Each structure stands twice: as C-alpha cells, then as structure tokens.
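Derivation of every value follows stated rules applied to the coordinates shown; laboratory data play no part. Not measured: the values here are computed from a predicted model. Every residue, glycine among them, receives a Cβ derived from its backbone with ideal geometry; neighbour counts consider all protein chains shown.
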Amino acid sequence: MPAKRTVSTRPLYLCAPVNALVEGLYEENIPFTEVKRHGDFGLGTFDDLDGEMVMLGGKIYQITVDGEAHEVSEEMHTPFAVVTFFEPTFSTTFDEAMDYETFQKRLESLFYSPNLFYAIRVTGSFSHVRARSVPKQHNYRPLDEAAHEQHTFDFKNIEGCLVGFFTPAFMASLNVPGVHLHFLTNDRRRGGHLLSCCPVAVTVEVQVIHALELSLPMTRDYLTRDFSQDKTAALEKAEK
C-alpha cells in the first residue's frame, strides 16, 4: 500500500453536468480549446455523441464506432468532458493476473474515502479488455437508448492505458458515479469506453482530488431543459 497520501490542489473540471448528456443534449458545442485550459488528462465524448474521448498528455483522441483511435484537433467540440491536470498523489503496482471484479475491488481499496474524487491512470499489460463506442447520434435521443447501438471490441494480450476517475455517489447528477474508465492501446490506435478488463501486470497511479470546477452550458437546449427527474438508473444502464 502507498506510504504517503496527500491531496492534489488541482480541481476536477466538468464542462457540463452528465445529466445533460443522459437527457440527450449532444450539441453543447464546447470547444476543446476551453476544456484544455482546465486539464491535460481525462475523458468524455464529442458533439453528437460521435465516439469516446480520451485525453492523455494533453493530446485528444477520438475513438470511433469501429474502435479506431484518432488524434484530433482541439478545435473540435464536446457536450461533456471531465479533465484535470494529472499529478499523481501516489502509485502502486498490481503484479498478478486478476479478473475484472477483483481488479475493481483492488482499485477501490486504494481510495481512503468514498467522498472524494480520484483521477486514475492504469498502465501495463492486460490479458483481455472489452471496450465499446457508440455511433453518431441525433440530438435529444436519451443516452440509454443510444447505448443500445454500442459496438464492442475485445482486445487480447494487449498493452495499454486506462484513463478515468472515481466520483462519489452523491455527485451522480454531475458525473458518472463510481469508477469510470476509457481504454487506449499503447500505440494509440485502438480503444473505447471500458466495459471490463483482466490486468496481468499494471502500474496504478492515483490523484486525490478534493475540489470541483463546473461550467454550465449556455445553449437554449440546456437553459430550457427540466432536470428535476432522477436519471441515476438511466445513466447506470447507459454506462454498462
């Protein structure tokens, strides 16, 4: 276990609340030039739900419905992204093969409180990774319906990186609660939203975050939408 744990002064940044995405608001037109002012590491999607996004080392990758990853311009737009400047608080290694359930438990055992945010980077070898991406969607279609059309990809004996965050349960209207990870292969050519994985030997880096910065969109769609309904179940369905 890590010997020393401190808290990062870097906040977690959300360019929009996740409930807007769950409601099908896929055209918030937030430029990545703005998102990158707040971080060099994170995940999200693109306008019209056009693929999964991974930001790593300040570079933005779009993982399209075929599972291919493409580095893209910061001039592109997003309806939802979560980023921070990644400065690991501590790191550890998982040096034995394990199934996904065991991996999840080992990972969450590193979090000394469920009431904080954590940025997570897991790098190394995996015997299996299952990931997904969703085809481009029409605006206003609920996220759990769009997820029905997901394309899944299975990677075997692969080297890669998991990028993502842990969010407290009480923040479910703002960000995906629990652990949310996207996968990118070491050659930066394939990836997707993580559904499951079996690590073999990985390095786990964790950043403890206690501050949140939230921007609210100024589009007509966002300003006139009723967000009073609880969308927790719909978000959980879409994520899986």
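Details
- Placing unit charges on each Cβ (+1 for Lys and Arg, -1 for Asp and Glu) gives the chain a dipole about its Cα centre, and among Phe46, Thr84, Thr102 the Cα reaching farthest toward its positive end belongs to Thr102.
- Given charges at beta-carbon only (K, R positive; D, E negative), |dipole| of segment 31-177 in Debye: 320 debye
- Structure-based [θ]222 nm, the chain - -39500 (n - 2.57) summed over DSSP H runs of at least 4, per residue, nearest 500: -3000 deg cm²/dmol
- Partner lysines for Lys105 [C-alpha distance under 26 Å; skip if fewer than 8 residues away on the same chain]: Lys4, Lys156, Lys231, Lys237, Lys240
- For segment 55-170, average projected area of the Cα convex hull in nm²: 9.0 nm²
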